[in-house]
Amino acid sequence: MNSAQPSTRRAGRTAWLLAAAALLVTGCSTPMDPRGDSRLQSAAYTTNRPVVRPTRSVSSFSDSLMCMDHMLRAAQLPTTLITSKQVVDYSSRVPVAVKDMIITSLSQMSRLSNAFRYVDYEVDIVRQDTVQNLTTILLNNNLMQLQRPALYVSGAIAFVDQNVVTNRFDAGTSASRLDTGYSNSRTATVIGLEMHLGDFRTRTLIPGLDSANEVVIGSGSQGLDVAGRIGSYGVNFNVGRDYALGAGGAMRTLVDLATIELVGKWARVPYWQCLTLDQTHPDFQRQMRDWFAESGGVGQARLVQSSLIAQGYLQAGTDVLAMDSPALRTALAQFQVDNLLVPTGVLDFSTYERAMRHFVALAPDGSLQRVGWGPSGPTSTMAKSATTAVAANGLSLSSTEAQPRRLDMQIENTLPPGVPPTFEVGEQVFASVTVSRTSHLYCYFSDPAGNVMRLTPNNVNTHSLVAANQAVRLPDWMVPNPAFIMDATSPGVERVACFASDADAMPRLPAPLQGAGLVTVSGYHGLEDIDRAFNQALGEGNYTRGEMSWQVVPKKAPPPAPAQPAAAAPAAAR
C-alpha cells in the first residue's frame, strides 16, 4: 500500500506535464493576433527616444581653448586660413573623427579672435560629398575661387598599446552545498597622438611646431558568484560591475592639447598659461559632480543664484528657489548660451559646473578644494589661485555686488605696434566688438563733421541680440555680401561707439533713432547726442558704452614715374 503512493504521485505529475505540453503545442499552432499587442507597441514611439538630455562635448582643455581665444585676440593676429590632413589611425583601434575634432578646436579658439578660418576641401574621392562635387564642378568652370590656406595640420594616432598594465585577482571556495567566487581586474591602455604644423605654400613641416602626447584609458571589473544546493535543487547568484574609459573622450583631450600647443608656438604667445588652469585637472568634473550631489536641490539653487547674480544674469534679491520662475529660466538659458551649453533653462549638472568652476582651486597637495564659498554661495574673497583662474578666462565674480557688463572694441586692421591708428582716405577699416554677456547691441558711426548713422542693427542683420564673447564684426568681412563697408571718408577723426543693454532699447529711443540703419540720423550731432538719448531712455547704469576712434589723413600722392631716357637721334644718312 505504501509503495503504491509514490507511483500515483509520479503518475499525476506526468499527467500534468503532458497536459501543459498539449496546451503549449495547441497555442503554438494558432497564429498570434498582433492586435493584442497594440497597447504595448504604441509605446514604441516614446520609448525609442533618449531619456537623458544631450550635453556639449567638454574635455579637460575646453577652458584652455577659451583662454587661447582671449589670448589670440589680445595679440591682434590677422585671420589665417588653415586646413588639415586626415589623421590616420595605424592601429585601427581608435575609430574616431580626429579631423573634425581639430576643426572644432580651431573654431573654439576663433570665436572671439577670428584667428583661424578652416578651408574645407576634400581630395579623397571616397570622402567626397555633394558639396565637394559641386565645388569641383565650379572650380573646373572658373565659377568659384578657392583661397589657398597658409597652414595645415598633419598628424596620426602613433600607437595604441593595449593592456600595458593588468592587475587581476580571483578567489573562490567550495563546499558540499555552497560554492563562492570573487574576481577583480584592472587594465590600462596607452594612446599616443602626434601632430605637426606645416607651411602650405611649400608643403614643409615647420621645425619646432610639433606636439607628441599620450593618454591612458583604463577599465575595471568586479564580480561575485554564489552557487548553492538545497536538496536536489541548485541556486546560482551572480553580480558584477564594470567601467571602461572611452577612447573618444581621451582623443578629444589629446587633440585639444595638441592644437593649443601648435597654435601657441606658431603665434608666439604664452600658451602655457592656458594649460595650467585648475580646470585641466583630470578629476575636476568628477569632484564637481560629487559636490553637486552633496549640495542637493536647494543648495544647488543657492550656489548658482550667487554666481548668476555676480555675473549680471540675475538681479540681487531674486528668489531662484522657485525653479519654475520665468526670470530664472531666462537667466539660465542666457548663461548656458554664453558658456557653450545646450540652452534648456534647467539647472542641471553642466550648468552648475560652469557656474561654480571658477571657485575651485588646487590645494598644496594637488587635490581640488572649494575657494571663496560661504554658507550660501561664493563670496567676494577668493584665494590667489582662484583669482588667477578667473582672470585667465576674462571673468570676475563676486556675490556681494554684480559685476558690470564689459564691452570690448578694437580695430582689426594690422597696424604698427605703439602707433595711433591712422588710415588714408579711401582705406577700408575693420573693427569688432564683444560683450561679456548676452546683450542687445547698437553701434553708431560718426564722421569728422559729426554726422551719425547706425551700423548695426541694419537692413541685413535686423537683430540686436548678440551672445557673449562672440565677435561682432564691423563690417562683417566673413560673409560674401556684407551690409556695409567702412571706408575712411575725409581727413579728421572718425569714431564708432557701441551701446549694450539687457533689454531691447529700440522701442524706448526717440523716433529718429528708431529709423533704418546705415542712413544719417537727422537732428543728432556726434556720438555725445546718441549717448544722451540712451541715458534718457534707459537710465544711468542700465547700459554699457564703448568707443574707439582713428585718424584719417589725406591719401598720399603716388611717387612720380621715373623719367624716360630721351630716344637717340637717328644717324644721318650718308
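Every number here is computed from the coordinates shown, using simple stated rules; none is lab data. Just so it is clear, the model here is predicted, and its values are computed rather than measured. In this analysis, Cβ positions are derived from the backbone assuming ideal geometry, glycine residues included, and neighbour counts consider all displayed protein chains.
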> Normalised by the residues of the chain, what does the relative contact order come to in percent, with Cα pairs under 8 Å and at least six apart?
Replying inline: 10
>> List the trypsin sites (Lys or Arg not before Pro) within the range 176-271 that DSSP assigns to loop and that have no more than 13 neighbouring Cβ atoms inside 10 Å.
In response: Arg177, Arg201, Arg203, Arg268
> If you wrap a convex hull around the C-alpha atoms of the chain and split its volume per residue, what is the figure in Å³?
Replying inline: 339
>> Using alpha carbons only, how many angstrom separate the centre of the range 518-532 from the centre of the range 242-259?
In response: 53
> For the range 52-63, in order, what is each residue's ³J(HN,Hα) by Karplus, 6.51 cos²θ - 1.76 cosθ + 1.60 with θ = phi - 60°, in whole Hz (x at glycine and Pro)?
Replying inline: 10, 5, x, 10, 5, 6, 10, 10, 5, 10, 5, 5
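Rounded to the nearest 500 deg cm²/dmol, what is the calculated helix-only ellipticity per residue at 222 nm for the chain, with -39500 (n - 2.57) per DSSP H run of length n ≥ 4?
About -9000 deg cm²/dmol.
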>> Within a 10 angstrom radius of the beta carbon, how do Val263, Val435 rank from fewest other beta carbons to most?
In response: Val435, Val263
> Under a 5 Å amide H to amide H cut-off, with H placed in plane at 1.01 Å, what residues pair with Met486 once short-range neighbours are removed?
Replying inline: Val429
> To the nearest 10 degrees, how steeply does helix 526-538 sit against the main Cα axis of the chain, on a 0 to 90 scale?
Replying inline: 40
> By counting other Cβ atoms within 10 Å of each Cβ, how are Cys498, Cys443 ranked from fewest to most?
Replying inline: Cys443, Cys498
> In percent, how large is the relative contact order of the range 45-201, given Cα pairs closer than 8 Å and 6 or more residues apart?
Replying inline: 24
> Roughly speaking, what is the centre-to-centre gap between the range 44-104 and the range 456-512 when only Cα atoms are used, to the nearest Å?
Replying inline: 30
> Once phi is turned into ³J(HN,Hα) by the Karplus curve 6.51 cos²θ - 1.76 cosθ + 1.60 with θ = phi - 60°, what whole-Hz value does each residue of the range 555-560 show in order, with x for glycine and proline?
Replying inline: 5, 5, 5, x, x, x
> Across the range 165-182, in residue order, what do the Karplus-derived ³J(HN,Hα) couplings come to in whole Hz, using 6.51 cos²θ - 1.76 cosθ + 1.60 with θ = phi - 60° and x for Gly and Pro?
Replying inline: 10, 10, 10, 9, 9, 10, 8, x, 10, 9, 9, 5, 10, 9, 10, 10, x, 9
> Does anyone have the angle between helix 284-310 and the longest principal axis of the chain? Alpha-carbon axes, 0 to 90°, nearest 10?
Replying inline: 50
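Let me know the shape class of the range 458-532, please: from the alpha-carbon gyration tensor, a ≥ b ≥ c as square roots of the eigenvalues, rounded when a/c is under 1.5, otherwise prolate if a/b is greater than b/c, or oblate.
Values: a/c = 1.55, a/b = 1.05, b/c = 1.48.
In terms of gyration-tensor shape, oblate.
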> Is the range 49-186 best put as rounded, prolate or oblate by its Cα gyration tensor, with a ≥ b ≥ c the root eigenvalues, rounded for a/c under 1.5, and otherwise prolate when a/b is larger than b/c, oblate when not?
Replying inline: prolate
> Taking Cα atoms, how many degrees apart are the long axis of helix 98-108 and the longest axis of the chain, rounded to 10 and kept between 0 and 90?
Replying inline: 50
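For Ser219, what is the net charge nearby, where nearby means another residue's Cβ is under 15 Å from its Cβ and Lys, Arg count +1, Asp, Glu -1? All intermediate terms of the calculation are to be shown ahead of the outcome.
Values: positive: Arg93, Arg168, Arg186, Arg241; negative: Asp161, Asp242.
Net charge around Ser219: +2.
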> What relative contact order, as a whole-number percentage, does the range 413-462 give when Cα pairs under 8 Å and 6 or more residues apart are counted?
Replying inline: 22
